[in-house]
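The values are calculated or read from the model by the stated rules, or taken from the named source; none is laboratory data. Small disclaimer: the values here were computed from a predicted structure and weren't measured. Neighbour counts are summed over all protein chains in view; Cβ atoms, including those assigned to glycine, are modelled from backbone coordinates with ideal geometry. Just so you know, the surface numbers come from the protein's heavy atoms only, side chains and all, with ligands and any DNA or RNA stripped out. Shrake-Rupley method; radii C 1.70, N 1.55, O 1.52, S 1.80 Å.
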Amino acid sequence: PGVARNIGIKHAKGEYVIFIDADDWIEKDALMKLDKYLLGKEYDLICFDYYKVFNNKKQINKSYFFPYGELSPSKLLSICNNGVTRKLIKKELFQNNKIEFPKWRNGEDIYVEIKLISSSKRILYVNETIYNYFQNINSLSNSKVQDIYFYNKLFNLYCSNTDDNKYLQNRVALDLYYNTITLFLKNKVNCKEIKKYIQTTNE
């Protein structure tokens, strides 16, 4: 998917880009709703909410538990885990900071998300639910992950992209505990190995 996205960015002619995964879609008035927030404003990123779609049933989900308004990059960086969907992104961020999607099977969008946020100056979060995230059990994001220490690498990437340690504990909890241990369980890592990882991480 990363290669396809890089090609898309290269050929995009607009000032902003939006990414929609293969089995997802946006509401018909999505771009019109987002456009109104750009009138007279210069945002690098606009984040918005989404629907989780289970066959014909929709469930509203919050992308972030923040009120409407501007977010500091360091705060968003500490809890970001959505990848590049559910965001309107200024194309210049990719060009000016030489940001490209790596050729990974999983998680390349979260890697780029961290790079984009750390390169942003102005970020807006809006309470607009306009993205439809289809819950497909056969998708790449739900398939077996080859690198079970992927989130540890993301944590190191986060640390190398910020000097603000105010929210460091958020990222520790998200990457080193919750996400990594979830990957262990998904990949059927045995209990002894999981306990050993937790003990090492605690130390």
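Scanning the range 83-105 for residues that are in contact with a Phe, Trp or Tyr (Cβ under 9 Å, 6 or more places away or on another chain) and open to solvent by 30 Å² or more (accessible area, probe 1.4 Å) turns up E100, W104. Looking only at the range 1-35, which residues are assigned to a helix (DSSP H, G or I), out of contact with any strand residue (DSSP E or B) (no Cβ under 8 Å at 6 or more places or on another chain) and farther than 17 Å from K98 by Cα? Residues satisfying the conditions are M32, D35. Does the range 141-149 contain any residue that is among the hydroxyl-bearing types (S, T, Y), more than 29 Å from K36 (Cα to Cα), modelled with pLDDT under 90 and surrounded by fewer than 18 Cβ atoms within 10 Å (Cβ to Cβ)? Yes, the conditions are met somewhere in the range 141-149. Within the range 52-84, if we keep just the residues that are among the aliphatic types (A, V, I, L, M) and not in a strand (DSSP E or B), the residue that is modelled with the lowest pLDDT turns out to be I79.
Sort out which residues of the range 155-187 are touching a residue at least 60 places away in the same chain (Cβ under 8 Å) and closer than 19 Å to N82 by Cβ, and write them in order of number. Before the answer, list the steps.
Residues of the range 155-187 touching a residue at least 60 places away in the same chain (Cβ under 8 Å): 158, 161-162, 164, 166-168, 170-171, 174, 179.
Listed by number, the residues that qualify are Y158, N161, T162, Y167, N170, R171, L174, N179.
Selection of first residues in the range 69-90 that are in contact (Cβ under 8 Å) with a residue 60 or more places away in the chain and of a type in the set (S, T, Y) and of second residues that are assigned to a loop (DSSP other than H, G, I, E, B) and surrounded by fewer than 21 Cβ atoms within 10 Å (Cβ to Cβ), restricted to Cβ pairs under 7 Å at least 6 apart or on distinct chains, gives the following pairs, ordered by first then second residue: S74/T162; S74/D164; S74/K166; S74/Y167; S78/Y167; T85/I20; T85/D21; T85/D24.
For the range 98-120, the tally of residues that are of a type outside the set (S, T, Y) and part of a helix (DSSP H, G or I) stands at 9. In the range 15-49, the residue that is least open to solvent (accessible area, probe 1.4 Å) out of those that are among the small types (G, A, S) and at pLDDT below 95 is G40.
Looking across the range 105-122, the residues that are touching a residue at least 60 places away in the same chain (Cβ under 8 Å) and over 17 Å from F19 (Cα atoms) come down to S119, S120, K121, R122.
Residues considered: F54, F65. Of these, the only one that is surrounded by fewer than 17 Cβ atoms within 10 Å (Cβ to Cβ), without any contact (Cβ under 8 Å) to a residue 40 or more places away in the chain and more than 16 Å from N161 (Cα to Cα) is F65.
Scan the range 152-196 for residues that are assigned to a helix (DSSP H, G or I), of a type in the set (S, T, Y) and open to solvent by less than 30 Å² (accessible area, probe 1.4 Å) and jot them down. Listed by number, the residues that qualify are Y158, T180.
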